[in-house]
Each structure stands twice: as C-alpha cells, then as structure tokens.
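To start, I am sharing the structure in question, which I have written as structure tokens.
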Ligand SMILES: [Zn+2]
C-alpha cells in the first residue's frame, strides 16, 4: 500500500473542505442540512427507521449504494439515531461518494488509485477523518 498518512489527511481535508463549503450557512448537526447537500450533488437521500427487519450486522449508521437501474447514487441512513449521529452518518457516506465519484484530480493532485480501489478499511478511515474534520 503506497498510501501515506500525509496523503490520507490531505484527501480527507479536501473532502471535508468541500462538504463544509456546500453546507455553508446551514446547521451542520442537523441531518436536513446534509440531505440538502446530498441533493445538490444529485445523490438520492433515503432515510429509513431502525427496525427488526435488519439483522444486527446490518444495523449500521448508513450506506452509500449505487442504483444501477436508475444510474443513481443513494445514501441510506438510520433515522433511529440522534440528529448529530444522523448528520455524522450522512457526512461519512458523502465522504465515500467523493472517494468513488470524484475524479482523482479533484481529490488530490497525486494519483489516487491506491485508495480509490483500496480495501474498505482504508476508505472508512478517510471517511472517519472527514467526519472528525467537519464536526471539529
Ligand atoms: Zn465507511
């Protein structure tokens, strides 16, 4: 893995700065803010209530999924969480969207393929870092 800590921090800072810019003037700990940001990015927000139909391993905060039939990105998140936690969940998935959908040039001036195509834990680590920067 050629990914360095500096590189990871740089990518996270760029994504966080863009999310903060997109949320300018809005309450960052209100999920509605991040729904507006998602829609601006043409991502479909899909809230769902925590329910028994999800097995325990599926009861995470949120997911980013690509609906290939509609060629649309969708963020699903758990509305059973607090407003703050829902905001963090949506921001986390927005960070994943930037990792997947943005060009490498946008995210970083260096080739980004190593973490675009990298293992999930690497992408989660960057998304967690984005969360900590946005909600600092
Ligand atoms: Zn993640």
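Output the number of residues of region 45-77 satisfying the condition of being out of contact with any helix residue (DSSP H, G or I) (no Cβ under 6 Å at 6 or more places or on another chain) and at pLDDT 95 or above.
Qualifying residue count, region 45-77: 0.
I'd like the residue in region 87-99 that is more than 8 Å from the chain's Cα centre (by Cα) and at pLDDT 95 or above and, out of all such residues, is farthest from the ligand (Cβ to nearest atom). It would help to see each step written out before you state the result.
Kept after step one, since they are more than 8 Å from the chain's Cα centre (by Cα), are these residues of region 87-99: 87-88, 99.
If we keep only those that are at pLDDT 95 or above as well, we get 87-88.
Working: 87: 15, 88: 11 Å.
It comes out as 87.
The values are calculated or read from the model by the stated rules, or taken from the named source; none is laboratory data. Small disclaimer: the values here were computed from a predicted structure and weren't measured. For neighbour counting, all protein chains shown are included, and Cβ atoms are generated from backbone atoms with ideal geometry for every residue, glycine included.
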